[in-house]
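The values are calculated or read from the model by the stated rules, or taken from the named source; none is laboratory data. All values reported here derive from a predicted model rather than from experimental measurement. Positions of Cβ are generated from backbone atoms using ideal geometry, with glycine treated the same way; all protein chains shown enter the neighbour counts. Note: accessible area is taken over every heavy atom of the protein model, side chains too, but ligands, DNA and RNA are not part of it. Shrake-Rupley method; radii C 1.70, N 1.55, O 1.52, S 1.80 Å.
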Amino acid sequence: MDQKDKILLTEIQKRFPLESAPYQSLARKLSISEEEVITRLNKLKKAGILRQIGAIFNPHALGYQTSLVAAAVPEEKFSQAADVINAFPGVSHNYLRNHFYNMWFTIAVPPNEPFEETLAELIKKAGVSRFLILPIKRIFHIAVVYDLNENHTEDNNIDFSFSDTDMKNFLVPDEKTISLVKLTQEDLPRVSRPFQEIARKIGLDEGEVLSWIKDSLNKGIIRRFAGLVRHTRAGVRGNIMVAWEVPEDQLEKVGKALAKEKKITHCYERKSYPEWPYNLYTMVHAQSPEEALIFIENKANELKISSYLPLETIKELKKTRLKLFW
């Protein structure tokens with residue numbers, strides 16, 4: 001991966017052009033040809049560095065219920081449990097981490113399906129008896145934009161809470177919306193007029209597709225339309241989730257402070273329990289695990305947080321884009 005690749009990857013994460021000829025627009029910024037942009041993106045995709053380019057949806061806006069789940073899976077059952085959980089289409093991420101709760105996965109359940117019953121059935125089928133449901137209560141920070149030149153994250157902050165009212169006031173999508181969601185969540189075609197290709201598949205014109213994407217961004221249905229990069233393939237080896245126990249009266253202050261850090265891509269308040277008091281979660285990315293752990297320890301000392309768990313990823317069991325309306 002050369003310097004132009006790094007610039008290109010950073011650019012498509014930050015501001016992918018929502019226009020008729022997006023690759024041509026990128027080519028002008030990099031002073032190369034459109035053909036070279038497409039060739040480079042195809043090579044990065046083949047190498048596994050570029051995951052895809054497309055719409056990143058807010059599932060709650062479309063009626064989905066989501067949560068992080070931490071499961072304690074005995075070693076002898078781990079492989080079978082992972083196969084069962086990974087087979088569920090609403091599970092997009094699943095990791096083996098260094099803790100008693102060793103399997104950590106995200107799950108999304110479609111509108112009008114009972115979340116807890118669906119999860120309980122999946123957990124039972126996987127042969128798991130101990131687990132925690134850790135839904136998001138507040139998002140302090142989402143910044144999956146990683147600057148490959150500067151080796152740090154870029155701001156893409158969101159600050160809001162989920163309430164029961166918010167969960168009920170979701171968009172009830174019609175057939176056209178569902179078709180557009182299905183198509184735009186897939187990898188954008190690497191052709192000169194990619195949005196025109198999408199439009200042809202559902203009998204619309206290019207302008208209608210682009211207008212719908214921009215309108216969905218304005219309404220918060222789409223969080224971003226961008227390129228997604230696999231940090232580990234791009235040389236970012238220190239990827240650690242931290243569960244912090246923060247006093248309630250300091251939670252907002254600490255959450256906002258961590259949200260400003262360049263090495264942190266996600267900062268969420270999640271549900272806690274008497275037996276599991278951790279209420280703030282961050283994803284830390286650095287060039288090595290050692291660098292990440294030093295950063296975490298320094299932040300804990302600076303913010304005077306004595307209770308926290310660095311949960312290092314031992315193995316990536318599943319990592320894919322969440323597909324809505326499967």
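Things to note:
- Pairwise label distance in nanometres, Thr39 with Thr177, each label 7 Å out on the Cα-Cβ vector: 4.3 nm
- Heavy-atom surface analysis with a 1.4 Å probe gives the chain a carbon and sulfur content of 47 percent of its accessible area.
- Most mobile listed residue (Leu62, Leu18, Leu258) in the chain, GNM with C-alpha springs under 10 Å: Leu18
- Choice from Ala87, Ala61, Ala286 with maximal GNM fluctuation in the chain (Cα, 10 Å cutoff): Ala87
- Filter on Lys45/Lys318; Lys46/Lys318; Lys4/Lys43; Lys6/Lys219; Lys182/Lys315; Lys253/Lys304 - keep pairs with C-alpha separation over 20 Å: Lys6/Lys219; Lys182/Lys315
- Here the extension length gained between Ser192 and Ile294 equals 32.2 nm, from 0.36 nm per residue of separation less the Cα-Cα distance.
- Relative contact order (%) - the chain, alpha-carbon pairs under 8 angstrom, separation at least six: 26 percent
- Nearest-0.05 FRET efficiency for Gln287 and Asp83, computed from C-beta distance (R0 25 Å): 0.15
- Gain on full stretching of the segment that runs from Leu303 to Leu18 - 0.36 nm per residue minus C-alpha separation: 98.6 nm
- Net charge, Ile53 excluded, C-beta distance under 10 Å - Lys, Arg +1, Asp, Glu -1: +1
- Summed over qualifying helices (DSSP H, 4 residues or more, each -39500 (n - 2.57)) and divided by its residue number, the chain shows a 222 nm mean residue ellipticity of -11000 deg cm²/dmol.
- For the chain, alpha-carbon Rg relative to the globular expectation (2.2 N^0.38 Å, N residues): 1.02
- Between the helical axis of 206-219 and the longest alpha-carbon principal axis of the chain there is an angle of about 30 degrees.
- Helix 175-184 and the longest principal axis of the C-alpha atoms of the chain enclose an angle of approximately 90°.
- Label-to-label distance for Ser211 and Lys319 is 3.9 nm, based on points extended 7 Å past Cα in the beta-carbon direction.
- With K and R counted +1 and D and E -1, the other residues having a Cβ less than 10 Å from that of Ile202 yield a net charge of +2.
- Each Cα pair of the stretch 177-311 feeds into the Kirkwood radius, which the Stokes-Einstein equation turns, at 10 °C and 1.306 mPa s, into a diffusion coefficient of 89 µm²/s.
- Among Phe88, Phe225, Phe57: highest mean-square fluctuation, GNM of the chain, C-alpha pairs under 10 Å: Phe88
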